[in-house]
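Visitor: Before I ask anything, let me first share the structure, which is written out below as structure tokens.
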Amino acid sequence: MSVRFSLTAGLFTNNEISDETKLAVEKAIEEANTTLFRKGVPRGVDVTEVGQITGFHISKNSIELNFESGTYTRAHDALFRFKKHVAPVLGTYRLGIRGIDVKKFHITMAGVPDGVRIPNLPFIKSHTLADGELTLDLKVTSADLENKVPDRILNLIEEKIQATNYGGKGEHWELVFASAQKPRSFTRDPTEEMVKRNWIRHGASRGQWIHGPQSVQLFRAFEQIVLERIIRPLGFAEMIFPKLTPWEVWMRSGHAKGVYPEIYYVCTPKTRDPVFWEDVGDYYKVTGIVPVEMIREKIDGPIGGLCYAQCPSFWPFVQGETLGTASLPVKVFDRSGTSHRYESGGIHGIERVDEFHRIEIVWLGTAEQTVDMADKLHDAYHQVFEEILELEWRCARVTPWFMAQEGMVDTGKTPQTVEGGACGCGERVGTTDYEAYLPYSDSWLEFQNVSINGDKYPKGFNVKIQSNEPCWSGCSGVGLERWTAAFLAQKGLDSDGWPDMVKQLVGEPEEIFRFM
Ligand code: SER
Ligand code: ZN
């Protein structure tokens, strides 16, 4: 895609520019155009692609410059290169540069399809899109230019173009394995059956269930299976990951790019002074209504959100560290709390909830170790689903969870920067979803996943390994609601129809409540 940058900026000096200085500046411009801006540009690149000063005007206290470029020594990079180049020249005449005033910054892109969503940002004053040519009129300061805002806007627009091109194609899905069909004797909706038997009841919040003793017995049985058959034999150690995730973590994990529509946001009080809050309680006392608007005035944030993907909040534990070779692969898991997603509205069963329970398994090491652990997990899960749960299941390569959660489109290429090692690891980056057949709706339910996340997290959280090889990581989320939904949908709620081990682990159902 052809891109042009056009910039007009003034360099302000702290004193008047003499005629002699003018000549020296003109010489510096000439040098910049002929040599300085060409530095680092690969041979064979068309000169029109390389940044140039195409015009200038020197007045009493300023040097106004026009820059034009393609994608090499972009106009704004040329500006800073020139500033550095001309500063010592001005210095010899006892002049200093006081500041930079960005007067005009245009980006023109060709080949932009109609229907691309142009970002609505304070940096974009206006835009036009005609005959596939997009022109952006930017409103930027020199600090924005130093912060590479134009380059990021360009990347963002390229991302939006990809979204337009791939938008209709849906997410990636490629079958890896399918079990044999299992007997399909039970055909009812397990959620409805669980509600009928008071195993679960709706919580007061959206997409939330209160799990009665029988439901928890099943959860704990499944946890036990995961612990005994997967987590312990493979040597994972239990940790407790925080369940409030601040922006700092989501900035490093990539979620800050696009998880916003699904977050449960968390706010903090502006102060914990009871006097500051007295009005709120008083209002409630006399009206019986919680004054939400009044509360909004008295809180800060949001500072982040409730746990969403579970593994990101592990990473600050190792952030900035170098891990010793002998400790690798590091293998941990967390089952200490809920995850929360603002799901689409409407009536859903326990398979689609705003508050859910998951065992999150995380490992990190070299690329080979990471891929090897994923393979071991796949084997262990395979055994559990075949031999213990006797499920009808399948697994498929899908859009990597981290891309889906960042709202990135799946172009079929994961953003993996490390070349595959001996194991062809680069090819293996991504997510495998496990799905179970639901006879009552003749559909398939994703009930857990295993992912090789490449170097994304170690890079994001600046984690290295002693050998200096690239550090990789993986994670696997075992959704307890989803396991329950899948298991009960296939086996029914009567334990007579359940495989022996599950029956044993669940034990006699605890009937505690008698509703009259
Ligand atoms: N963190 C992964 C996910 O959110 C696995 O649980 O899908
Ligand atoms: Zn994870």
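Please treat every number below as a calculation from the coordinates, not as lab data. Just so we're clear, the structure is a prediction, and the values are computed from it rather than from any experiment. As a convention, Cβ positions derive from the backbone with ideal geometry for all residues, glycine included, and neighbour counts pool all protein chains shown.
Visitor: Setting aside same-chain residues fewer than 8 positions from residue 298, which lysines have a Cα under 27 Å from its Cα?
Guide: 243, 270, 285
Visitor: Here is a further query. Where does the chain land at 222 nm, in deg cm²/dmol rounded to the nearest 500, when only DSSP H runs of n ≥ 4 count, each adding -39500 (n - 2.57), divided by all residues?
Guide: So the helix-based figure for the chain works out to -9000 deg cm²/dmol.
Visitor: Please give the net charge around residue 85, taking every other residue with its beta carbon less than 14 angstrom from that of residue 85, where Lys and Arg add +1 and Asp and Glu add -1.
Guide: That sum, taken over residues with Cβ under 14 Å, equals +2.
Visitor: Can you return the aspartates and glutamates within cross-link range of residue 139? Criterion is Cα-Cα under 12 Å, with same-chain partners fewer than 8 residues away left out.
Guide: Qualifying aspartates and glutamates at Cα under 12 Å: 101.
Visitor: For helix 75-91, report the angle its Cα long axis makes with the longest principal axis of the Cα atoms of the chain; keep it between 0 and 90° and round to the nearest 10°.
Guide: Between helix and principal axis, roughly 50 degrees.
Visitor: To test your reading of the geometry: what angle, between 0 and 90 degrees and rounded to tens, separates the Cα axis of helix 149-166 from the longest principal axis of the chain?
Guide: So the inclination is approximately 50 degrees.
Visitor: Separate question: Of 331/456; 413/464; 413/491, which pairs sit farther than 28 Å apart, going by alpha carbon to alpha carbon?
Guide: Flagged as over cut-off: 413/491.
Visitor: Next question, about the same structure. Would you compute, for the Cα atoms of region 54-132, the largest minus smallest coordinate along each principal axis and list the three values in descending order, in whole Å?
Guide: Extents along the principal axes: 53, 25, 18 Å.
Visitor: Compute the signed sum of charges (Lys and Arg +1, Asp and Glu -1) over the other residues within less than 14 Å, Cβ to Cβ, of residue 58.
Guide: Working: positive: 22, 27, 60; negative: 16, 19, 20, 26, 30, 64.
Here the charged neighbours net out to -3.
Visitor: Is the shape of region 347-401 rounded, prolate or oblate, going by the alpha carbon gyration tensor and its root eigenvalues a ≥ b ≥ c, with a/c under 1.5 for rounded and a/b larger than b/c for prolate?
Guide: oblate
Visitor: Could you tell me the distance between the Cα centroids of region 446-516 and region 386-416, to the nearest Å?
Guide: When both Cα centres are located, 15 Å separates them.
Visitor: Report, to two decimal places, the Cα Rg of region 9-91 normalised by 2.2 N^0.38 Å (N = number of residues).
Guide: Scaled against compact globular proteins, the figure is 1.09.
Visitor: Kindly work out what percent of the DSSP beta bridges joining two residues of the chain are antiparallel, to the nearest 5. Before the final figure, lay out each step's value.
Guide: Working: 87 of 93 bridges.
Here the antiparallel bridges make up roughly 95 percent for the chain.
Visitor: In addition: Angle between the Cα long axis of helix 213-226 and the longest principal axis of the chain, 0 to 90 degrees, nearest 10?
Guide: The angle comes out at about 70 degrees.
Visitor: 7 Å from Cα along Cα→Cβ at both residue 386 and residue 133: what's the point-to-point distance in nm?
Guide: It works out to 6.3 nm between the two label points.
Visitor: Show which lysines lie in cross-link reach of residue 60 when reach means a straight Cα distance below 20 angstrom and same-chain residues fewer than eight apart are skipped.
Guide: Counting by Cα, and skipping residues close in sequence, residue 60 has these lysines nearby: 22, 27, 83, 103.
Visitor: Further question on the same structure: Let me check I've understood the local charge: for residue 72, count other residues with C-beta under 13 angstrom from its C-beta, Lys and Arg +1, Asp and Glu -1. What total comes out? Let's see the in-between values first.
Guide: Details: positive: 4, 38, 39, 43, 74, 81; negative: 46, 49, 68, 77, 151.
Overall, the nearby charge balance is +1.
Visitor: Does region 134-205 classify as rounded, prolate or oblate by the C-alpha gyration tensor (a ≥ b ≥ c root eigenvalues; a/c under 1.5 gives rounded; else a/b over b/c gives prolate, otherwise oblate)?
Guide: Taking the square roots of the gyration eigenvalues as a ≥ b ≥ c, region 134-205 is prolate.
Visitor: Follow-up. Please identify every one of the chymotrypsin sites (Phe, Trp or Tyr not before Pro) in region 442-516 that sits in a loop by DSSP and has no more than 14 other beta carbons within 10 Å of its own beta carbon.
Guide: Taking region 442-516 and a limit of 14 other Cβ atoms within 10 Å, the loop chymotrypsin sites (Phe, Trp or Tyr not before Pro) found are 513, 515.
Visitor: Under 20 Å from a point placed 7 Å out from the Cα of residue 15 along the Cα-to-Cβ direction: which residues of region 41-62 have their backbone N that close?
Guide: 58-62
Visitor: Where the only charges are on Cβ atoms (+1 Lys, Arg; -1 Asp, Glu), what is the dipole of region 361-501 about its Cα centre, to the nearest 20 debye?
Guide: Dipole size: approximately 680 debye.
Visitor: How far, in nm, would the chain grow between residue 496 and residue 289 when pulled straight, counting 0.36 nm per residue and subtracting the alpha carbon separation?
Guide: Stretched fully, the residue 496-residue 289 segment lengthens by 69.6 nm.
Visitor: Kindly provide log₁₀ I(q)/I(0) values, in the same order as q = 0.18, 0.19, 0.29 Å⁻¹, from the Debye equation applied to equal alpha-carbon scatterers of region 138-178.
Guide: -0.65, -0.68, -0.94
Visitor: While we're here: Tell me the GluC sites (Glu not before Pro) within region 131-177 that lie in a loop according to DSSP and have at most 13 other beta-carbon atoms within 10 Å.
Guide: On the way: sites: 133, 146, 158, 159, 171, 174; in loops: 171.
Answer by residue number: 171.
Visitor: Also, quick follow-up: Report the FRET efficiency, 1/(1 + (r/R0)^6), for residue 98 and residue 279, where r is their Cβ-Cβ distance and R0 is 51 Å, rounded to 0.05.
Guide: Values: r = 50 Å, r/R0 = 0.99.
The calculated FRET efficiency here is 0.50.
Visitor: Still on this model: For a test of the definition: using alpha carbon positions, the gyration tensor, and the 1.5 limit on a/c, classify region 203-336 as rounded, prolate or oblate.
Guide: Working: a/c = 2.91, a/b = 1.60, b/c = 1.82.
Judged from the Cα gyration tensor, region 203-336 comes out oblate (a/c at least 1.5, b/c at or above a/b).
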